[in-house]
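Here's the structure we're looking at; comments come further down.
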């Protein structure tokens, strides 16, 4: 009897050490045009052969929550099943005139601004459903922005495990060290979602992230 109890205990310890929780709800958060949807698309294309959402140079292309179920990611002999949740870009201010600059009509711009504002609210609400979050930031931009602080602050308040992705390292002005200095308490991975650069390190960090869930 004692031997059986010991064996069961060892099995549980072994399982907890080497197993990964399945069906992790993984959210993609960040400011507009940082590359959230591009990274989500990269994962979906790599493991499902299809994309999740549309991307464009116009800010707030993603204005509604986009979900892809049962995305199986494999790395170093392990399999992780994810529910990918791509969220609208977080912004502290949304002005319809910003969209007019991209060639949208005044009516179209106002509609997009209204939808984008609603999307920001939905993004914050969905945080309560996340198991883990990838914060996607543009590595060419200043990381010490009000938007980034707002995003990180909401994650800290909810004690959600976070991985920060410094995207667009293919661009000359990209500065990963600046990102690391801004967020020393988090793992920061530099990559190019557009060209699939440095994805190995990303997947390694992703599996480390979900162990914290």
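Annotations for the structure displayed:
- Per the conditions (1) part of a strand (DSSP E or B); (2) touching a helix residue (DSSP H, G or I) at 6+ places or on another chain (Cβ under 7 Å); (3) under 18 Å from residue 191 (Cβ atoms), the sole criterion not satisfied by residue 143 is (1).
- Contact map, the stretch 28-50: first residue at negative phi and in contact (Cβ under 8 Å) with a residue 12 or more places away in the chain, second residue assigned to a helix (DSSP H, G or I) and surrounded by fewer than 22 Cβ atoms within 10 Å (Cβ to Cβ), Cβ cut-off under 6 Å, separation 6 or more or different chains; pairs are 31/147.
- Residue count, the stretch 13-55 (criterion: farther than 18 Å from residue 74 by Cβ and modelled with pLDDT under 50): 5
- Of all the numbered requirements in (1) surrounded by fewer than 15 Cβ atoms within 10 Å (Cβ to Cβ); (2) part of a strand (DSSP E or B); (3) touching a helix residue (DSSP H, G or I) at 6+ places or on another chain (Cβ under 8 Å), residue 92 misses one, and that requirement is (2).
- Qualifying residue in the stretch 135-150 (condition: at pLDDT below 90, within 27 Å of residue 175 (Cα to Cα) and surrounded by 18 or more Cβ atoms within 10 Å (Cβ to Cβ)): no
- Residue match in the stretch 182-194 (condition: touching a residue at least 60 places away in the same chain (Cβ under 8 Å), part of a loop (DSSP other than H, G, I, E, B) and either more than 26 Å from residue 67 (Cβ to Cβ) or touching a strand residue (DSSP E or B) at 6+ places or on another chain (Cβ under 6 Å) (or both)): yes
The values are calculated or read from the model by the stated rules, or taken from the named source; none is laboratory data. Just so it is clear, the model here is predicted, and its values are computed rather than measured. Counting neighbours? That spans all protein chains shown, and the Cβs are built from the backbone with ideal geometry, glycine included.
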